[in-house]
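Notes for the one structure printed next.
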Amino acid sequence: MIEKIKNIKLSKKQQTIIILGSIFIMMLVLNLLTPLIADDYSYSLNLDNTKINSFMDVINYQWWHYFNWGGRTIAHAIAQLFLLFPKIVFSIINPIIYIALIYLIYLHIIRNREKKPIYLILIHLALWFILPVFGQTCLWLIGSCNYLWTTVLILWFLWIYRKDNKKDSIFRIVGLFLFGIIAGWTNENTSFGLIIVTLGFLITTKLDNKKKKIPKYKWSGLLGNIAGFLILILAPGNFARADSIHDNTFILVKLIKRAVEYTITMTNYLLPLFILLVILISIYIFYKKKIHKQVWIYSLGAFFCIYSMLLSPQFPERAWFGVIIFLIIATFDLLYETPKFNRIYKYIIVDAIIILSFIYIGQYLGSAIDINNLRNTWEYRENYIAKQKEKGNDEIIVDAFSTVDKHNPTFGLSDLFEDKTLWPNTHIAEYFNIKSIEAKSYD
């Protein structure tokens, strides 16, 4: 029996299916445990505070949203379409998109090189350990649509853009332009990074062969990115929201202060990747190996993702999502070749994956328990609200929920406040058609 097990050899395709299938199941469990939270309740409501119940409601809301709140029409339209259905629909599809993210990162890393499915595990582990608010960006409905889904669109566009070297056609020119608009109209800083990466591929393609004419569809893709980005950032809602934030600090002082803050935050969030990147570059220099242009392009894209936020009054933790994705691609692109330099690097990579996997399993189980507590909390609240409404009581008081686990979708988000007039209390009350809801005070 043992000999038979030893003789089992799986093809790389089979390895890929098993690895991605296992990650899907683990993410499916966490998604099924995640209830609606925070902004999910806000975007479930129409402008008249009734629940959205049709595609036209989504269109009308997004029209208002663009002119009064922000330009992320693509992300929020996806989110609101899911909010038309029971949460389980999103809980099943979202893990598929997470798998798509891992596989797209993998495709960008391997380029045209030999396939190594073990890197799929490494990518998942990197996302789990490095993303500062994993739950917000990969489990929370609104957060996932804003970061996970939009980044998949961006990486998908970039894969087609760099992979497709065919002749011009009207279909390709128009198609890549339209896809470019969608990819650029996703998420402010990641979209700006997208433009830098697209431009980087365009420039390096020309430098590689100065006599070769760049296809028109390559230019149309870049123009689409720029057009989508402008639609995103020039939304009247962005300016309306900015006017509500009063900061009279001199602009130069403000920019310098933000630059310092973002640099400090960068060293906190990206230190593991920076250390690995420096070590890998040193290894390449030692062995006198050429560093692929993609490494510099994605590193530059990550850099611009960070400092494009200097013009924004806020840089939430979840906005580091695109930065980390770009830097993972750059770092693992270098890591991919190291076993060819010296066999010892292969053992180091495998040992690292084994050690990190053991740590991951422990953290995963702890997070699953914590997220299940969140699910139980909301199940209790919904039942309690229903019972109180039957008794004629529409002023609800419940316990607040808190967590210190960054993989829990509520980590860093507002649950319920003791003040019933604050958001999200107000929208949750409207969602459940009650007068008010508040957290218990223990003073």
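Rule-based calculations on the coordinates, nothing more; no lab input. Since this is a predicted model, take the numbers as computed values, not measurements. Note: ideal-geometry Cβ built from the backbone for every residue, glycine included; neighbour counts use all protein chains shown.
Take the chain, connect every pair of alpha-carbon atoms lying under 10 Å apart with a spring to form a Gaussian network, then pick out the residue of Asp351, Asp405, Asp333 with the largest mean-square fluctuation.
Ranking Asp351, Asp405, Asp333 by mean-square fluctuation puts Asp351 first.
Give the angle, between 0 and 90 degrees and rounded to the nearest 10, that separates the Cα long axis of helix 148-163 from the longest principal axis of the Cα atoms of the chain.
With rounding to tens, the tilt is 20 degrees.
Computed on alpha carbon atoms, what radius of gyration and Dmax characterise the chain, expressed in Å?
Expressed in Å, the Cα Rg and Dmax of the chain come to 23.5, 80.
Can you work out the PRE-style zone for Ile18? Point 7 Å along Cα to Cβ, and I want the residues of region 317-359 with backbone N under 16 Å.
Correct set: 354.
Given only helices, namely DSSP H runs of n ≥ 4 each adding -39500 (n - 2.57), what is the per-residue ellipticity at 222 nm of the chain, to the nearest 500 deg cm²/dmol? It would help to have the intermediate numbers written out before the result.
Working: 20 runs with 305 residues, N = 443.
That comes out to -22500 deg cm²/dmol.
Does a label point 7 Å from the Cα of Asn268, set along Cα-to-beta-carbon, have any residues of region 390-416 with amide nitrogen under 17 Å, and which are they?
404-407, 411-413
Considering only Pro86, Pro409, Pro313, give the residue with the highest GNM mean-square fluctuation for the chain, with springs between Cα atoms whenever their separation is below 10 Å.
Looking only at Pro86, Pro409, Pro313, the biggest GNM fluctuation is shown by Pro86.
Any idea what the relative contact order of the chain is, in percent, if you count C-alpha pairs under 8 Å spaced at least 6 apart? Mind dumping the intermediate values first?
Details: 560 pairs, mean separation 95.4, N = 443.
So the answer I get is 22 percent.
Where is the GNM fluctuation largest for the chain (alpha-carbon springs, 10 angstrom cutoff): Gly322, Gly366, Gly224?
Sorting by GNM fluctuation, first place goes to Gly366.
Label points 7 Å out from Cα along the Cβ direction at Ala386 and Tyr347: separation in nm?
Using points 7 Å along Cα→Cβ, the separation is 6.0 nm.
Give the whole-number value, in cubic angstrom per residue, of the convex hull volume spanned by the C-alpha atoms of region 371-439.
So the per-residue hull volume is 76 Å³.
Of the listed pairs Lys216/Lys293; Lys115/Lys346; Lys116/Lys288, which have alpha-carbon separations greater than 18 Å here? Mind showing how you got there, number by number?
Details: Lys216/Lys293 22 Å; Lys115/Lys346 14 Å; Lys116/Lys288 24 Å.
Among Lys216/Lys293; Lys115/Lys346; Lys116/Lys288, the Cα-Cα distance tops 18 Å for Lys216/Lys293; Lys116/Lys288.
Which value in nm describes the separation of the simple spin-label points at Lys163 and Lys340, placed 7 Å from the Cα toward the beta carbon?
According to this spin-label approximation, the distance is 2.1 nm.
What full-extension length gain, to one decimal in nm, is calculated for Glu418 and Asn433 as 0.36 nm per residue of separation minus the Cα-Cα distance?
Stretched fully, the Glu418-Asn433 segment lengthens by 3.5 nm.
Can you give me the Cα centroid spacing of region 18-95 and region 190-239 in angstrom?
Between the Cα centres of region 18-95 and region 190-239 lies a distance of 29 Å.
Within the set Lys163/Lys211; Lys51/Lys440; Lys87/Lys387, which residue pairs have Cα atoms separated by over 24 Å?
Beyond 24 Å between Cα atoms: Lys51/Lys440.
With a/c under 1.5 counting as rounded, go ahead and sort region 103-170 into rounded, prolate or oblate using the C-alpha gyration tensor (a ≥ b ≥ c being the square roots of the eigenvalues; past the cut-off, prolate if a/b is larger than b/c, else oblate).
Oblate shape, in that a/c is at least 1.5 and b/c is the bigger or equal ratio.
Let me know the shape class of region 109-246, please: from the alpha-carbon gyration tensor, a ≥ b ≥ c as square roots of the eigenvalues, rounded when a/c is under 1.5, otherwise prolate if a/b is greater than b/c, or oblate.
Oblate shape, in that a/c is at least 1.5 and b/c is the bigger or equal ratio.
Provide the gained length on full extension for the span Lys9 to Ile256, in nm with one decimal, where the gain is 0.36 nm per separating residue minus the Cα-Cα distance.
Separation in residues times 0.36 nm, less the Cα-Cα distance, equals 83.2 nm.
Helix 321-335 versus the longest principal axis of the chain: what is the Cα-based angle in degrees, 0 to 90, to the nearest 10?
That works out to roughly 20 degrees.
Please return the longest stretch of the chain lacking exposed loop sites, where chymotrypsin sites (Phe, Trp or Tyr not before Pro) count only if DSSP places them in a loop and at most 14 other Cβ atoms lie within 10 Å.
Longest run free of exposed loop sites: 1-249.
At 7 Å along Cα-to-Cβ for each site, give me the label-to-label distance between Ile59 and Ile397 in nm.
It is 4.7 nm.
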